Amino acid sequence: MLVPRPSLLIAFFAAAASGLVLVFHALGWVTLSYSAAILAPLTLFLFLALWVRAGRGQEEVLVNRLLGGVIAGAVGLLGYDLVRLVILLAGVPFNPFRPIEVFGLLILDVYEDTLLTKTVGWAFHVWNGLAFATMYTLALGKGRVLWAVGWGMLLEIAMVSTYPSIFGLMLDWPFLAVSVTGHVAYGLGIGFTAKRVVR
């Protein structure tokens, strides 16, 4: 059975909300704290509404793609973060996890690291990783591994387009090498997992 187009589109744009908050912040339209506070509950509401709708009808494909996206996202995030951990342990001259922690500072609109800011930053990182993978499975189903790597590279382009304005980062070669490697690992994780768990 085909997924009804309205449900598929609503789910896709709900998953895109985590990326939109970054774009809105990078463009200077709203602060990350404001956009996250508005879009995160809206995203949750939309997914709950879709879940209730799916439970009343016959939208197995939609549910499978949502769950498959979450599972694929978890595997992709594991690969993404393991690459960064290995690079950090290898002694790179910067902390590849620092932007994740800074997200917590920006969302809470504070200037000092605490356990709470780091927790919020990591929660936002996980939200992004799961949401972007769900966008992939909603749009392409199980897709192909190379398509997933291509999706990872599109996310890489989006990241290097927004991070300089968000964090004031210089896009030097070590940063780009870490970033590209992480997104390739993320795409591979999504691609191989989606082929196994998405019908």
Count of the range 91-101 residues which are modelled with pLDDT of 90 or more and of a type in the set (A, V, I, L, M): 1
Residues of the range 10-22 satisfying the condition of being surrounded by 15 or more Cβ atoms within 10 Å (Cβ to Cβ) and closer than 17 Å to Trp151 by Cα: Phe12, Ala15, Ala16, Ala17, Ser18, Gly19
Index of the failed condition, Ala72 passing every other in (1) part of a helix (DSSP H, G or I); (2) modelled with pLDDT under 95: (2)
Single match in Leu106, Leu67, Leu130 (criterion: buried (at least 19 other Cβ atoms within 10 Å of the Cβ), under 14 Å from Ala194 (Cα atoms) and in contact with a helix residue (DSSP H, G or I) (Cβ under 8 Å, 6 or more places away or on another chain)): Leu130
Residue check, Met135 outside any helix (DSSP H, G or I) and either modelled with pLDDT under 90 or not β-branched (Val, Ile, Thr) (or both): no
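Quick grid of which residues meet (1) over 24 Å from His25 (Cα atoms); (2) in contact (Cβ under 8 Å) with a residue 12 or more places away in the chain; (3) under 21 Å from the mean Cα position of the chain (by Cα); (4) assigned to a helix (DSSP H, G or I):
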| residue | (1), (2), (3), (4) |
| --- | --- |
| Leu77 | no, yes, yes, yes |
| Tyr80 | no, yes, yes, yes |
| Arg84 | yes, yes, yes, yes |
| Pro93 | yes, yes, no, no |
| Phe103 | no, yes, yes, yes |
| Tyr111 | no, no, no, no |
| Leu116 | no, yes, yes, yes |
| Gly121 | no, yes, yes, yes |
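The values are calculated or read from the model by the stated rules, or taken from the named source; none is laboratory data. Being a predicted model, the structure only gives us computed values, none of them experimental. Here the Cβ is made from the backbone with ideal geometry for all residues, glycine too, and neighbour counts use every protein chain on show.
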